[in-house]
Amino acid sequence: MSRPAPLLALVVPCCNEEAALPGTMDALADVLAACKAQGLIQEGSYALYVDDGSTDRTWELLEQRHAADPFCRAVKFAANAGHQNAVWAGMLTARQGGADCIISLDADLQDDIAAIPEMLGQYAQGCEIVYGVRHDRSTDTPFKRRTAQMFYAFMRWLRIPLIPDHADYRLVSRPVLEVLDGIREQGLFLRGLFPTLGFKSGKVCYERRSRSAGQSKYPLRKMLSFAWQGITACSAAPLRLSGLMSFLLMLLAMGYSGVALFKYAQGETIPGWTSLMLVVLFLGSVQLLCLALLGEYLAKIFGEVKNRPRYIVEKILSRPDENCESPPREH
Ligand code: UDP
Ligand code: MG
């Protein structure tokens, strides 16, 4: 069953993108016009630029463009709030504006816009989320490639469901946007959040290009802090590490206490050594055990504070006489 053509909003976070924006705005207007001509999207679809506290001429360019281009809408943040918040704001603004689906993409055209019709095709077939996945990472530096591989392997080890080689190029449909509207968590890591929501999803492979103009806004320091944000936003495993350590240390302490007592019985120790060893080993393990307990409760608070929906209702089959017109989407 194919869906009708959606009202599409392209969500584009921009932070100091004056160099890349003119080309990007032209390219996005072209792709919207082409999709409209093919009947893939509705009249009135648009590109929504979110100016994330730029200090260059980004907003000026957006204002000029808005006056002349029916495809251009824009939101300006009072201060830089970060890429993830900019995408979030764009998604919720588009939802309020009545969009049936959004596609988030970078302002530097690294996400190949030729993949947009295929994403819309999968939406038409019923996918609620379509992930843009990079074919290869040849445009990344070897360092970035290697560190990204390590990151994905580590996230897999922590059992965090990530789509490998997917960043923030994705189509999200209205039912999913409705759910997002109810999520209040602060430290966002969108690529870790979406796979946990469920919904029918698809993937579209594309070739990641090099930046059209300007400089990357993710230097090494920011990249590392983003990776750490990803780990800590999606998992309480690092908190639980002290539990594992206390268990291992307890085993070691028990073994070594036996050795110390045996040596004492053999008379091989100087006075005070055995009692000192026993106290040190005992205290060390008890302290780690207490930390582990604290970590466990902290992990629970972490989950509660996030306040994510316990389940998400996607569809309900009911009889006409039942009053299920607006089912609760989340609980
Ligand atoms: N960006 C943003 N706020 C920030 C940093 C980046 O809105 O604080 C935007 C940026 O303008 C771009 C996208 O996020 O549209 C991705 O950033 P960038 O291309 O610099 O990252 P890279 O592709 O180098 O990882
Ligand atoms: Mg980029």
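Quick notes on this structure:
- When the helices of the chain are scored as -39500 (n - 2.57) per DSSP H run of n ≥ 4 and the total is divided over every residue, the value at 222 nm lands at -16000 deg cm²/dmol.
- Too-long pairs where the Cα-Cα distance tops 26 Å, listed order kept, from 144/203; 200/306; 36/315: 36/315
- Considering only the chain, percent of DSSP beta bridges that pair antiparallel, nearest 5: 30 percent
- Sulfur and carbon atoms: percent of accessible area, the stretch 221-274 [1.4 Å]: 73 percent
- Taking the stretch 186-331 and dividing mean pair separation by its residue count, relative contact order in percent (alpha carbons under 8 Å, at least six apart): 26 percent
- For the chain, the square roots of the Cα gyration tensor eigenvalues, ordered a ≥ b ≥ c, give a/c of at least 1.5 with a/b greater than b/c, which places it in the prolate category.
- Average accessible surface area per residue within the chain, 1.4 Å rolling probe, Å²: 54 Å²
- Sulfur and carbon atoms: percent of accessible area, the stretch 79-179 [1.4 Å]: 56 percent
- Other-chain or far-sequence residues with amide H under 5 Å of residue 72's (modelled H): 47
- Each Cα pair under 8 Å and six or more residues apart adds its separation to the average, and for the chain the resulting relative contact order is 17 percent.
- Take every Cα pair under 8 Å whose residues are at least 6 apart in sequence, average their separation, divide by the length of the stretch 1-160, and the relative contact order is 31 percent.
- Summarising the label geometry, the points placed 7 Å from Cα in the beta-carbon direction at residue 283 and residue 152 lie 4.8 nm from one another.
The values are calculated or read from the model by the stated rules, or taken from the named source; none is laboratory data. All figures in this text were calculated on a predicted structure; none of them were measured in a lab. Backbone-built Cβ (ideal geometry, glycine too); neighbour counts: all protein chains shown. Calculation scope for accessible area: heavy atoms of the full protein, side chains included, ligands and nucleic acids excluded. Shrake-Rupley method; radii C 1.70, N 1.55, O 1.52, S 1.80 Å.
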